[in-house]
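Here the structure is laid out as structure tokens; the discussion comes afterwards.
The values are calculated or read from the model by the stated rules, or taken from the named source; none is laboratory data. It should be emphasised that the depicted structure is a prediction, and the values quoted were computed from it without experimental measurement. Here the Cβ is made from the backbone with ideal geometry for all residues, glycine too, and neighbour counts use every protein chain on show.
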């Protein structure tokens with residue numbers, strides 16, 4: 001069914017005019033931003049399809065390239081969505097800086113400081129968006145790290161769930177020696193290779209102790 005085939009009161013724009021935006025469903029609001037549907041599907045059907053795959057919050061966090069790839073959005077509509085959300089952010093003074101930006105080893109350590117005093121090894125993964133903002137962090141493993149126990153699939157399954165552009169690995173050495181072991185190096189290589197296949201960069205692997213931090217990237221091991 002085309003939008004034109006709906007009664008005027010059911011059309012999103014007319015409904016907004018007569019009842020106000022607060023009375024529209026999520027898909028109707030998105031349909032107004034999209035403007036038109038695609039062959040075989042009207043704009044409301046496209047909006048419903050998009051919202052089934054992407055939560056409202058996540059949709060508004062997507063970059064241009066991610067938005068433009070969604071079927072039914074494309075370049076022009078992605079620009080409309082980004083412009084409208086940016087205008088709202090500015091009006092409400094909502095700044096992107098609410099997400100921690102990870103630029104250095106010091107920034108990583110600040111997110112994993114709890115590991116310094118642990119008596120067992122802990123592995124945590126920091127998930128970043130394309131602007132190097134931390135969107136999620138998750139403890140992945142506790143115990144002595146070895147290649148048989150640390151599985152890249154768990155790390156990257158979460159990366160896909162979070163729509164992360166890159167990850168940083170962090171783990172502690174209770175011994176106080178921040179130098180990587182042979183297992184640390186092998187595990188890191190394995191995860192980096194998996195990331196290349198998935199299209200998700202492993203930016204660094206940081207080993208921390210009570211007083212030190214070792215960066216694989218700074219030491220050219222990544």
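A single entry from 184, 177 fulfils the requirement of being assigned to a loop (DSSP other than H, G, I, E, B), more than 15 Å from the chain's Cα centre (by Cα) and over 30 Å from residue 59 (Cβ atoms): 177.
The residues listed here are 128, 123, 160; of these, the one that is within 17 Å of residue 103 (Cβ to Cβ) and not assigned by TED's automatic domain parsing to the domain that holds residue 59 is 128. Answer yes or no as to whether residue 46 is within 25 Å of residue 69 (Cβ to Cβ), modelled with pLDDT under 90 and either surrounded by 17 or more Cβ atoms within 10 Å (Cβ to Cβ) or outside the structural domain of residue 73 (by TED's automatic domain parsing) (or both). So residue 46 passes the test.
For the stretch 177-199, the tally of residues that are surrounded by 19 or more Cβ atoms within 10 Å (Cβ to Cβ) and touching a helix residue (DSSP H, G or I) at 6+ places or on another chain (Cβ under 6 Å) stands at 1.
Within the stretch 100-114, if we keep just the residues that are touching a strand residue (DSSP E or B) at 6+ places or on another chain (Cβ under 7 Å) and in a loop (DSSP other than H, G, I, E, B), the residue that is modelled with the highest pLDDT turns out to be 102.
The residue of the stretch 6-34 that is nearest to residue 163 (Cα to Cα), among those that are part of a loop (DSSP other than H, G, I, E, B) and more than 27 Å from the chain's Cα centre (by Cα), is 24. If you filter the stretch 27-43 down to residues that are touching a helix residue (DSSP H, G or I) at 6+ places or on another chain (Cβ under 8 Å) and exposed (fewer than 14 other Cβ atoms within 10 Å of the Cβ), you find that the one that is nearest to residue 88 (Cα to Cα) is 35. Tell me whether the stretch 198-205 contains one or more residues that are outside any helix (DSSP H, G or I), under 30 Å from residue 60 (Cβ atoms) and out of contact with any strand residue (DSSP E or B) (no Cβ under 9 Å at 6 or more places or on another chain). Looking for residues that are outside any helix (DSSP H, G or I), under 30 Å from residue 60 (Cβ atoms) and out of contact with any strand residue (DSSP E or B) (no Cβ under 9 Å at 6 or more places or on another chain), one finds at least one in the stretch 198-205, hence yes. Does the stretch 82-99 contain any residue that is modelled with pLDDT of 85 or more, surrounded by 13 or more Cβ atoms within 10 Å (Cβ to Cβ), part of a loop (DSSP other than H, G, I, E, B) and out of contact with any helix residue (DSSP H, G or I) (no Cβ under 9 Å at 6 or more places or on another chain)? No. Consider residue 70 carefully, then state whether it is buried (at least 17 other Cβ atoms within 10 Å of the Cβ), farther than 15 Å from residue 130 by Cα and out of contact with any strand residue (DSSP E or B) (no Cβ under 9 Å at 6 or more places or on another chain). Considered against the rule, which asks whether it is buried (at least 17 other Cβ atoms within 10 Å of the Cβ), farther than 15 Å from residue 130 by Cα and out of contact with any strand residue (DSSP E or B) (no Cβ under 9 Å at 6 or more places or on another chain), residue 70 comes out as yes.
Every listed requirement among (1) within 18 Å of the chain's Cα centre (by Cα); (2) under 22 Å from residue 186 (Cα atoms); (3) at pLDDT below 90 is met by residue 148 save one, (1).
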